[in-house]
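The structure appears right after this line, and notes come after that.
Where a number appears in this text, it was derived from the coordinates with a stated rule and is not lab data. Fair warning: this is a prediction, and the values are worked out from it, not measured in the lab. A quick note on method: Cβ atoms are made from the backbone with ideal geometry, for glycine too, and the neighbour counts reach across all protein chains shown.
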Amino acid sequence: MKLSQILKKTHTLIESKEIQNISQQEMANRLGVSLRTYTEWLRDVNQPLAMRAILDMLSQLNDDDIVRIVRTWEARKSISNVAE
């Protein structure tokens, strides 16, 4: 599966979870990137190496480890947002 397909699928899953449409601009804002960057990712014009590396690494783990990593990331992100 291409990185752009993973991003589109993830975007759709987030919309389903939140029960609302999320514009590309809103998703770009959430990710801390420009709209242009996000749309380039979606069109396969640009593929961030770090994102590919993380997905490659996560694919070598079991589901429980992946969930643990993501939850740790979320917790640290929340703490840093409170500190700002």
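For this structure, a couple of remarks:
- Largest GNM mean-square fluctuation across 13, 55, 35, computed for the chain with C-alpha springs under 10 Å, falls on 13.
- The candidate values are (1) 13.9, 37; (2) 21.4, 58; (3) 11.8, 39; the one derived from this structure for Rg and Dmax of the Cα atoms in Å carries the label (1).
- Per DSSP, loop GluC sites (Glu not before Pro) in segment 1-73 with at most 15 further Cβ within 10 Å: none
- Rounded if a/c under 1.5, otherwise prolate or oblate - segment 1-47, Cα gyration tensor axes: oblate
- Length-normalised contact order of the chain in % [C-alpha pairs under 8 Å, at least 6 apart]: 25 percent
- With at most 15 other Cβ atoms within 10 Å, longest stretch of the chain clear of loop trypsin sites (Lys or Arg not before Pro) (DSSP): 44-84
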